[in-house]
1. Could you work out the local net charge near Ala104, counting Lys and Arg as +1, Asp and Glu as -1, over the other residues with Cβ closer than 15 Å to its Cβ?
2. Strictly greater than 17 Å: what percent of every Cα pair in the range 55-106 meets that?
3. Of the peptides 92-100, 51-59, 63-71, how do they stack up when ordered by the mean number of other Cβ atoms within 10 Å, highest first?
Amino acid sequence: MRIGWRSGVAACGVWMALTPAGAQQNPATQNPTVTETTNSKAETPPFPGANSFTEGQARKSLESQGYAEISPLVNDSQGIWRGTAMSGSKKVHVSVDYKGNVSANPE
């Protein structure tokens, strides 16, 4: 028996109609053994970069986040403004990076 191209197209159309819609999408979502890889070391601020903020602007960013008694800020070699401040009753190390991200770590 010989199958012409029209029969093959019709058969293909029937097969596609019978398969779930998701089977034609990303195979990684269909195969549970395939997993996405993620960067296990997520980057967190402060990010190094050329800082265009003045000390006064960095100080205002810290104040707007609720920090008080902010020490003089120093712009380090990575372009990050660093100093200490009070967060509630705790003294913390604060930083403002070139993107304006405010970060704090316990002293």
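Derivation of every value follows stated rules applied to the coordinates shown; laboratory data play no part. Values in this document were obtained by computation on a predicted structure and should not be read as measured data. Note: ideal-geometry Cβ built from the backbone for every residue, glycine included; neighbour counts use all protein chains shown.
1. Once all neighbours under 15 Å are counted, the net charge is 0.
2. 20 percent
3. 92-100, 51-59, 63-71
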